[in-house]
């Protein structure tokens, strides 16, 4: 019933959403270059890599980079129908299709139970081995303020593993999935215009998922208003050094239950509500992380 009502309201809500969100992002910022040649992206779940950084991964690959994606959970707890083991198999099959679409060098699966990802010794050892093999110049991971615990755990795993390895010479770019960065926190903007159709093709692979993806796809187009000039779509990140990630993560770790405050931005018709829900609180958390 709720889904049907939203569908009926879409012709009115969507244009209004687009107008307000475009104004929110209106700025005159420069685009950023992503020239690193060895890239590692940590994805809590299959599809996070495409939603958050699919265009950027393709841009890296087009520049001759090695692009490696490590999936940390088995995806068995995602919103879908069917038995858990069937869902896990389906998501891995989808990941392999997306590997070809995004022109990834490699994918790998850690297979932690969905919803149970933590920064424990076993998981850090696996990520450490991955870092030692890939020798990445840049690591992509989810933002540390997010309504999904696995996403926060992934950011913590990057924080903890790099600290244990005493690696300070790696760039970290935190990408958005469920929970957006406040626009003030965005400090890396990547033009993905040549890759929009290919990214949509990759998103369409995720048929095992019962959620909508149109909100994510609309956002990359609306966020183009952040930059001067004519671009079709962008992906946005918070770029940090390992030391900055440690400091900012530690300032707010464990203080808040973000799932109580934020709504996913996956659905276009509710995008404005999801963006602005507790935005003041979100800004406060990020401000606190800077102290």
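A few notes on this one:
- Total residues in segment 253-291, condition over 16 Å from residue 148 (Cβ atoms) and surrounded by 18 or more Cβ atoms within 10 Å (Cβ to Cβ): 8
- Among residues of segment 182-213 being modelled with pLDDT under 95 and closer than 24 Å to residue 277 by Cα, the one that is surrounded by the most Cβ atoms within 10 Å (Cβ to Cβ) is 213.
- Scanning segment 123-138 for residues that are farther than 22 Å from residue 95 by Cβ and in contact with a strand residue (DSSP E or B) (Cβ under 9 Å, 6 or more places away or on another chain), we see that the one that is surrounded by the fewest Cβ atoms within 10 Å (Cβ to Cβ) is 135.
- The one condition from (1) out of contact with any strand residue (DSSP E or B) (no Cβ under 6 Å at 6 or more places or on another chain); (2) part of a loop (DSSP other than H, G, I, E, B) that residue 243 does not meet is (2).
- Boolean, residue 223 is free of Cβ contacts under 8 Å to residues at least 24 places away in the same chain, in a helix (DSSP H, G or I) and in contact with a helix residue (DSSP H, G or I) (Cβ under 7 Å, 6 or more places away or on another chain): no
- Only one entry of 216, 249 meets the criterion of being in a helix (DSSP H, G or I), at pLDDT 95 or above, out of contact with any strand residue (DSSP E or B) (no Cβ under 6 Å at 6 or more places or on another chain) and under 26 Å from residue 74 (Cα atoms), and that entry is 249.
The values are calculated or read from the model by the stated rules, or taken from the named source; none is laboratory data. Just so you know, these numbers come straight off a predicted model, no measurement behind them. Note that we place each Cβ from the backbone using ideal geometry, even for glycine, and neighbour counts take in every protein chain shown.
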